[in-house]
Amino acid sequence: MPVVDLLALVLMLTGAAFFFAGTVGLLRFPDVYCRLHALTKVDNLGLGFVLAGLALRSGLLTVALKLLLIWLLVLLASTTACHLSARAARHLGVEPWRRA
Amino acid sequence: MTLTLWYALTGVALLVVGVYGLVSRVHVLRQIMAVNIVGAGVFLVLVAGAHRRPSGAIDPVPHAMVLTGIVVAVSATAVALAFARRLRADADERTDGAAREDEARAG
Amino acid sequence: MARRERTRPVPADAPWIVWTVVLPLLAAPVAFVLGRRGLAPFAAASSLGVAASVAALAWQVAAQGVQRHRLGGWGAPLGIELHADGLSVLMLVMTAVTGVVVSLHAHGTFGLGGHETREPSGRARFWPLWLFLWGGLNAVFLSADLFNLFVSLELVTLSAVALVALAATRVAVAAALQYLLAAMLGSLLYLLGVALVYATEGTLSLDELARGAPHASVAPPALALLTIGLALKTALFPLHFWLPPAHANAPTPVSALLSGLVVKASFYVLWRLWFQAFPGVAPFEASMLLAVLGTGAIVWGSVQALQATRLKSLVAYSTVAQLGYLFLVFPLVGGPGGLAAWQACAVFAVSHAFAKAAFFMAAGNIRLAAGHDRIADLDGIGARLPRSFFAVGLASVALMGLPPSGTFVAKWMMMRAALESGQAWLMVVMLLGGLFSAGYCFRVLARAFTPPTDTPLQPVPGSLDAAALALAVIALATGLFVAPALDLLAIGAPDVAGLGQDGPR
Amino acid sequence: MTAILWAFDVVLAVTLVALAAGVLATASLFRSIVLFIVFGLTMSIAWARLDAVDLGLVEAAVGAGLTGALLLNTLGHMRSQAEFTPEPSHGPGGRLALALAAGTAGLAIGAAVWAWPDAFAGLGDRVDTHLAESGAQNPVTAVLLNFRAYDTLLEIGVLVVAVVAVWALSPMRGRVLDADPPGLVLAGFVHLLVPVVVLVAGYLLWMGTDAPGGAFQAGAVLAAAGVLLLITGRVAPPQLQAIVERGAVVLGLVAFLAVGVAVMAGGHAFLELPDAWATTLILLLESLLTISIAIVLVILFAGGRTDAAHPPEDAAP
């Protein structure tokens, strides 16, 4: 296996690991605010790794640029969605979780 | 089992689930979603069948048919939802009216 | 290039087959953009234009035989073809005649404001939807392609549903919603049937399917799905649950269009598929099942009509019953006298369209005048509303199947075919159905002979009465035009049971 | 590798069926709609797996995105009473009979599918033969705008009918949209995103003749931008009072008909695109269709007129 492909594989597996962590967080964290952390931060990073791996594998600059654009858009969208979810939760009166 | 067969059978399964849901569920939003699931199943059968060319390319005709089908389904769904909203709004209006009459009678 | 070879030389005369579809589809968006401005002359001009194009096409078919048009210049199977034979033309004429007269009624009705619809701008809403519906109906009757029929039927369904909701009452919108969901499910089942056909035959063209030998293991389930989907859209008992509320609560002209024309469109497709695209695929038992369901429709619909408390409900249930006749013909077409049964079905569909639309318009006029349509409270209505009541009477005669109506001729042809093929029970069903329809029609007619009440009546605009009367007269007179209709039907008629020897192909 | 792909196919199919069942079985309507959106997105993965990228794009934008937004918007209107009303249903016996009937029918259809020949060209070979004459390199676009353009024409008619149907309903009192003020983050997001979305739509439209994409994909993406502007209150819901608005709705349909009829003057069949002009005409039609489709979808989302006499009652203070 060429080095580039190996590197791409490592990157994508790393990304998958982040997604896994994010999903565990989504399922295990105690309240909506914590879960949003897990979803947005971790998954965005995971997506970044996966896309980096894909860009490497394609070996084309245009594809890499498109993937970068997609990542930036997802970052933007998930940030906004996270903010709106948190705001809606607060609007509904959901109290942040505190260690009992 | 081929890719075609697997996804076509998945489509049939979706169809069965959707039809069952359409007939057994009463809320209109649920029924509208059930019809859309039936549609997804039918579209899957169509496109799965397009994946059998010996050359490995796809048969574009079912793809075009499904594209048309999706647009038609969205149109019908939008009209159904507009009707559902209208029924709700009418019901609310009537409740409001009744409440106002009650107030008038009390006052 | 290959395409140029396949393109036929340009015919000397205009392709009216295209214009019958294009004109209404072009007029509809224009009517929508116009809004209320100049709508009346535009609507009149476009109705007459569409009717004229239908007449021109009918003349072309009568003079030159079957007309075809390769849309996009490709021809089947890659492209879509339009195809006009005698049956298509008869359906187009049925639509045009009913459509023009009902348009007149609609123009009066939707101009009233407040009575039938909540708002005065009803005309501005009615016209675009009706023109779309008309274009969709014409497209269905001319299409020779399985998938194109799906899209055309969707155009018909969606505009029909929207027209029902024009009544803007809560019951009407609820009925429209139920109608829409049932029709969507019907379309999707039909589309699955199309998928199964295409997956083994590799073509969507009805002509090519008729020529090919269908793949034995797939064609019956495919035809079953196509049939169930279309039966749901045609409201065949017991899949009729959506029809009575939708047809009874729509604005009157819409009820007339729906009961007279829209249910015929999906039936027409079923008819074409069974006897032209897939002849001999369905086992005899399947056609028997359809006839049994048709019998169920006649009995159930009639019993409901006999019990209906509202006049428009009565007429709607009568539609459920009368649609049953169309299905009685299926086991007859394969047997001796099959061609006559096939022709009788088409004649029945046409005369029922006229009679039912006239009945609905007359019933709507009575409702408009009395402010309600409770049958029990319509005492002495015959003396007080003579014109509307006369229209009800004429339409009743046609519905009951008395001479000289086309229904009479059609039933007579059907009964003869039933006797010839040794299925006398179908004749009994038809006679029974006639008695039933006489029963529920007399429930209305009897109100003429009860002492008049002195509740005030609203005036009915003359155009509304004129429309109902005109179509009722046409319905009654159809029997006189059966001979030319049969000549027309022979053009391109399918080879049912090897008996369709007449008719140049 | 094939084993992994098979595992993927199995997981995808099971997920799809489970999501569909979840949509219909979940008690809360809100959850059910969210599952429905997830179902649509999963469907678009299935489309990609079946090499139907065109459909994947449409499904994600229209099937999941727009339909989901529509459902949520409608639920917002119904929330007052509908959400937790128990759904009366058939008795257990009736449901069992229903399930048996649906299952039997499914088995019969499955058996028919099972009997399909493994190798089958359909009309694919004919499309390939004539692709060069069609004026489009993307075979799906060639079918939609040339070989079977008549279907597409009627389909645009269906879209316009849907708009007329929604518009023909009498005006509705009360709110059309949640009148919650958007807030800085959302407003900034929309500000940034809308130009990008317009760019992407243009790209999809331009690419559509050669690669996956085209009028529907571009129109759906553009409509998403419109819906964003609508829910953030940047633009008011179209009321279709102005002739220009109504004209934009029917633009695609009328242009399609006009092109179809115009070529007939040159001795061609209806909708026959002359080879030399095919690419130009397809691009022209697709551009106009994109505009109409986007506007139609936005109007369908807004879902009818509001009564000017009754301004939204629950506008934010």
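The numbers here are math on the coordinates, done by the rules we state, and not lab data. Every value quoted in this text rests on a predicted model; they were computed, and no experiment measured them. Neighbour counts are summed over all protein chains in view; Cβ atoms, including those assigned to glycine, are modelled from backbone coordinates with ideal geometry.
Things worth noting here:
- 5 angstrom amide H check on C:ARG310, placed H, neighbours 5+ away: C:ILE375
- At q = 0.07 Å⁻¹ the log10 of I(q)/I(0) for the protein assembly as shown amounts to -0.60, computed by Debye summation with a single uniform scatterer per C-alpha, solvent ignored.
- Cβ charges +1 (Lys, Arg) and -1 (Asp, Glu), total dipole of the protein assembly as shown, debye: 1400 debye
- Bins of 5 Å from zero: percent of alpha-carbon pairs in the range B:3-106: 2, 12, 14, 16, 14, 10, 8, 6, 5, 4, 3, 2, 2, 1, 0, 0
- In the range C:292-505, Cα pairs under 8 Å separated by at least six residues give a relative contact order of 29 percent.
- Equivalent ellipsoid dimensions for the range D:1-85 as semi-axes, Å, which come from the Cα gyration tensor, largest first: 29, 16, 5
- Kirkwood-Stokes translational diffusion coefficient of the range C:130-244, alpha-carbon pairs, 20 °C, 1.002 mPa s, µm²/s: 143 µm²/s
- Computed [θ] at 222 nm, deg cm²/dmol, chain C (DSSP H ≥ 4; -39,500 (n - 2.57); rounded to nearest 500): -23500 deg cm²/dmol
- Ascending count of other beta-carbon atoms within 10 Å, so fewest first, for C:CYS345, A:CYS34, C:CYS441: A:CYS34, C:CYS441, C:CYS345
- Rounded to 0.05, the FRET efficiency of the A:ALA81 and B:ARG53 pair, given R0 = 45 Å and the Cβ-Cβ distance, is 0.65.
- Residue exposure sequence - C:TRP274, D:TRP277, C:TRP134 - by fewest surrounding Cβ within 10 Å: D:TRP277, C:TRP274, C:TRP134
- ³J(HN,Hα), Karplus 6.51/-1.76/1.60, whole Hz, each residue of the range A:69-83, x for Gly, Pro: 4, 4, 4, 4, 5, 5, 4, 4, 5, 6, 4, 5, 4, 4, 4
- Theoretical FRET efficiency, 1/(1+(r/R0)^6), r = Cβ-Cβ of D:ALA211 and A:THR62, R0 22 Å, to 0.05: 0.95
- Label zone at D:ALA187 (point 7 Å along Cα-to-Cβ), backbone N below 16 Å, the range A:47-84: A:84
- A Stokes-Einstein calculation at 37 °C with viscosity 0.692 mPa s, built on the Kirkwood radius of the range A:3-91 over Cα pairs, returns a diffusion coefficient of 237 µm²/s.
- Chain B - mean residue ellipticity at 222 nm from DSSP helices (-39,500 (n - 2.57) per run, n ≥ 4, rounded to 500): -30500 deg cm²/dmol
- Two-decimal Rg/Rh across chain C, once Rg and the Kirkwood Rh are taken from alpha-carbon atoms: 0.96
- Electrostatic dipole magnitude of chain C [Cβ: Lys, Arg +1; Asp, Glu -1; Cα centre; debye, to 20]: 840 debye
- Bridge type composition, the protein assembly as shown - antiparallel percent by DSSP, nearest 5: 90 percent
- Residues whose placed amide H lies under 5 Å from that of C:GLY401, excluding near-sequence neighbours: none
- Working note: Cα gyration tensor of the range A:41-85, eigenvalues times five, square-rooted, sorted largest first, giving semi-axes of 23, 11, 4 Å.
- Dipole magnitude for chain B: computed about the Cα centre from +1 point charges on Lys and Arg Cβ and -1 point charges on Asp and Glu Cβ, it is near 400 debye.
- Across peptide C:222-235, the mean count of Cβ atoms from other chains lying within 10 Å of each residue's own Cβ comes to 1.
- Modelled this way, with points 7 Å down the Cα-to-C-beta line, the labels at D:LEU5 and C:VAL428 are 6.3 nm from one another.
- Cα gyration tensor of the range C:178-298 - equivalent ellipsoid semi-axes, whole Å, descending: 28, 15, 12
- FRET efficiency, 1/(1 + (r/R0)^6) with R0 25 Å, evaluated for C:ALA477 and C:ALA45 via beta carbons: 0.40
- Fewest-first sequence of B:TYR20, C:TYR190 by Cβ atoms within 10 Å of each Cβ: B:TYR20, C:TYR190
- In the range C:292-505, a dipole from Cβ-located charges (positive for Lys and Arg, negative for Asp and Glu) runs towards its positive end, and of C:LEU431, C:ALA398, C:GLY301 it is C:GLY301 whose Cα lies farthest in that direction.
- Summed side-chain charge close to C:LEU188 - residues other than C:LEU188 whose Cβ falls under 12 Å, Lys, Arg +1, Asp, Glu -1: 0
- The fraction of Cα-Cα pairs per 10 angstrom bin, counted from 0 for the range C:292-505, comes to 9, 33, 31, 17, 8, 2, 0 percent, rounded to whole percents.
- Whole-percent pair-distance distribution, where bins are 20 Å wide, for the alpha carbons of chain D: 25, 53, 22, 0
- 3J(HN,Hα) along the range D:283-289: 5, 4, 4, 5, 5, 5, 4 Hz, from the Karplus curve 6.51 cos²θ - 1.76 cosθ + 1.60 with θ = phi - 60°, whole Hz, x for Gly and Pro.
- The Rg/Rh ratio of the range D:252-300, with Rg taken over Cα atoms and Rh as the Kirkwood radius over Cα pairs, comes to 1.07.
- For the protein assembly as shown, the residue among C:MET288, A:HIS83, C:LEU230 whose Cα projects farthest onto the positive side of the dipole built from Cβ charges is A:HIS83.
- Positive-end residue of C:ALA341, C:LEU476, C:PRO494, charge dipole of the range C:292-505 with Cβ unit charges: C:LEU476
- Phi to ³J(HN,Hα) by Karplus 6.51 cos²θ - 1.76 cosθ + 1.60 over the range A:52-67, Hz, x for Gly, Pro: 4, x, 4, 4, 4, 4, 5, x, 10, 5, 4, 5, 4, 5, 4, 5
- Highest mean packing first, where packing is the average number of other Cβ atoms within 10 Å per residue, the peptides D:229-240, C:245-256 line up as C:245-256, D:229-240.
- Peptide D:267-279 is shielded by partner chain Cβ atoms: per residue, an average of 4 of them sit within 10 Å of its Cβ.
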